[in-house]
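Remarks on the structure that follows.
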Amino acid sequence: MAFFSVLLIIIPVFTALVIYLYKHSAVKYLTFIAQLAMTILAVLYYREFSDQWASTLIVFGDWDLRIGISLINDEISMSFIFLTLFSFWMVLIYTFDTRQSNRTFLFFLMFLQGVFLGLLQTYDLFNMFVFLELTTILVTILIAFKKSGDSFRAAVYYILLNASGVLVFLIGVIIMYNVFGTINVGVIGEAIDSVGEATSVRFAYVLMMAGIAVKSALFPVFSWLPKAHGVAQSAISALLSGLIVKGGLYMFIRINQMFSGANLESGEFFFYVGAATAVVGVLFAVSQKDIKQILAYHTVSQIGIVMMGLSSPDFDTFYGGLLHIFNHALFKSLLFLGAGVIIKAYRTKYVSDMRGVFKTMPAVSIFMIVGMLSITGAPLFNGFISKTIIKYSIEDSTLKSWILFGVNIGTATSFIKMSQIFFGPRRMTLRLYAPFDRIALMGFAFACVILGNFYIPISDGFFGVELSYISVFNFDAFFDYFVALAIGFLIYYFIIKKDYRPIRMIREYKPSFQSANFVFIMFVVVMSVYFVLIP
Amino acid sequence: MDPLLTFIVILIGFYGLATSTNIIKSVFCVTIIESGVILLFLNMGNLDGGRIPVDIIPDTLIADPLPQALMITTIVIGSTVTSLSLMLCIKVFHHFGSVEWVDVLGMERGR
């Protein structure tokens, strides 16, 4: 059964090749067969190994663990695998009967799924680099797939920034190989106690984290994300924002686990990096007018919230961040797909030109409202759970609590701004009979509601974490939420709607490619000073 | 070769990324960084005076085969990145009429 993890990588890649080679229109049903097979395999695999993760290790060709290529799974990677399968199911259904679902598109989509599943399961640092670089290449092609000037520009910006970031990660891997003589994550993790204080190990940590920061769009180096996710096709944007950007965060978890023996005390530093990401993302998001740019900047800010949780050495806080990854994947995919339906019907990307969506498309509007309630952290929806875990765990620090509250107000402001699209009279739009995208929206919306209400059995069954201290029907929870909404409404009505000059300046601020790279180099320098020179 | 030299090559690449105003020059800067990284790793495999790792004689210096195996993969991936970004440069030139970052990023909407 242990070889099922290999099949999870091979099946999508092989399906992609078959789809590309056979020029028959029926071949696109093959994706669903492959997807079904992978889901069944993943479930069987989970049932077999759910209490003995150590036996999932496979080393190819019976080489020594230190030099061989190996795969391993645990509950974190399995939960990411289920999230990947679910997201790809929904995106494949969403694009099923549209014109964009041609063979080339499906080829890259299925290939990306295989590569991403490989990234989740790999057990050595060099394969992490290979899979990261392959995701970069495939995502670039998918961004450029719209074949407009905007998308080519975003794609070239994306690939150059990310390729240099991933190469910095590779330098870190090389230093680790020089110190330990192996690139296996587990072997290094056991050996790191003895040499944890060495300067070269600290420098390797800095370089790896810098590369991961570029891939997961942390504070100073996030400028590629709104460009790339804002111009791609909606289905692609949903996949990138919901799932692929989480690859970087998954790497963050893995590398931090590997370095856990070295006592680097990175928690505080990455908490403030996450806080800065969240605040800056929200500031940019409230000033935007393009619906996809708003959502893309909110991805940045939600990644900041995730980092505020993930960076903590305390397990409860960490679990809040981990849960927020899944919640964000569900509601952000939902919002992007819904925005795609609305953009297609209204033929505009600007929030101010969309009015009367509720009367024109009631079903889509309800799903969008579910997504908006989730992202603003309303009780009964999934965003509430993970935000509350993070909120409880940073309660003793006033500054940290205020940062989180400020980010919540900003999120509420920009989604009050976005909810204006629902009001207004019915608009005659292009009548598109597209039942499949409604199914995909419904899938994500149901997942949001289910995770928001049945979080106790789900997290107990999957991670063995007791969450009963979080109660949804709590006066304080509703009170906090409505205070944030009220302040958000006031800010929207008196500041954002007037479109003052500072807001315009934030909206029109476009960092150049050179400055993005300069900031990246400065980020590496600051991290080196913090982690290498000061201790 | 001194590892310090390869670090200098990598830093030259980053200096170029932070200063060059042309997309094609930026592509070459990424290639330069990658060459530096490959040289850095190959350096660690005892290339100077090390025997090839077949037909092992005891008590002799042997070149480490793993860096070479890994760097071949890196070269392949790097060539893919370079060719893909150069292809995108051509497309960007068709749409914007320029490959200067200022012209390309400064335009409000692409055609």
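General observations
- Modelled FRET efficiency - R0 22 Å, A:Asn453 with A:Asp316, Cβ distances, 0.05 increments: 0.60
- Theoretical gain in end-to-end length, A:Thr104 to A:Asp62 [0.36 nm per residue, Cα-Cα removed]: 11.5 nm
- Under a 5 Å amide H cut-off, with hydrogens placed 1.01 Å from N, A:Ala378 pairs with A:Phe384 among residues at least 5 apart or on other chains.
- Amide H contacts for B:Asn22 (H built 1.01 Å from N in the peptide plane; partners 5 or more residues away or on another chain; cut-off under 5 Å): B:Trp101.
- Longest exposed-site-free window of chain A, the sites being GluC sites (Glu not before Pro) in a DSSP loop that have at most 15 other C-beta atoms within 10 Å: A:1-196
- Computed about its Cα centre, the charge dipole of the stretch A:265-497 is approximately 1720 debye, with only Lys, Arg, Asp and Glu carrying charge at their Cβ.
- Residues of the stretch B:20-36 with an amide N closer than 13 Å to a point placed 7 Å from the Cα of A:Ser512 along the Cα-to-Cβ direction: B:20-23.
- Across all Cα atoms of the stretch A:265-497, the radius of gyration (one decimal) and Dmax (whole number) stand at 17.6, 58 Å.
- Dividing the mean sequence gap of close Cα pairs (under 8 Å, 6+ apart) by how many residues the stretch A:374-472 holds gives a relative contact order of 39 percent.
- Computed from the C-beta positions of B:Thr73 and A:Phe478, the FRET efficiency with R₀ = 35 Å rounds to 0.05.
- Dipole moment magnitude, nearest 20 debye, the protein assembly as shown about Cα centre, only Lys, Arg, Asp, Glu C-beta charged: 3840 debye
- The convex hull of the Cα atoms of the stretch A:406-496, projected and averaged over all directions, covers 9.3 nm².
- For the stretch A:506-520, the residues whose backbone nitrogen is under 19 Å from a point 7 Å from the Cα of B:Thr19, taken along Cα to Cβ, are A:512-520.
- Nonlocal amide H pairs with B:Arg51, under 5 Å, H built at 1.01 Å: B:Leu61, B:Ile62, B:Ala63
- Pairs beyond 23 Å (Cα-Cα), from A:Lys332/A:Lys387; A:Lys289/A:Lys400; A:Lys349/A:Lys387; A:Lys349/B:Lys25; A:Lys344/A:Lys417: A:Lys289/A:Lys400; A:Lys349/A:Lys387; A:Lys349/B:Lys25
- Taking every alpha-carbon pair within chain B, the share separated by more than 18 Å comes to 62 percent.
- Annotation note: trypsin sites (Lys or Arg not before Pro) in the stretch A:1-59 located in DSSP loop regions with a Cβ neighbour count of at most 16 within 10 Å are A:Lys23.
- The stretch A:284-390: translational diffusion in µm²/s, Stokes-Einstein, Kirkwood Rh over Cα pairs, 20 °C, 1.002 mPa s: 148 µm²/s
- Per residue of the protein assembly as shown, the DSSP helices (runs of n ≥ 4 H) give a summed -39500 (n - 2.57) that works out to -23500 deg cm²/dmol at 222 nm.
- Paired Rg and Dmax values of chain A, which use every Cα atom, in angstrom: 22.3, 70
- Rounded, prolate or oblate (a/c below 1.5 giving rounded, otherwise prolate when a/b exceeds b/c) for the stretch A:215-293 by Cα gyration tensor: oblate
- Computed over the stretch A:265-497: relative contact order in percent, which uses C-alpha pairs under 8 Å that are six or more apart: 24 percent
- Computed E for B:Ser98/A:Leu490 - FRET, C-beta separation, R0 41 angstrom, nearest 0.05: 0.35
Quick note: the coordinates plus some simple rules give every number you see, no bench work behind them. Only a predicted model underlies this, so the values are computations on that prediction, with no experimental measurement involved. Every residue, glycine among them, receives a Cβ derived from its backbone with ideal geometry; neighbour counts consider all protein chains shown.
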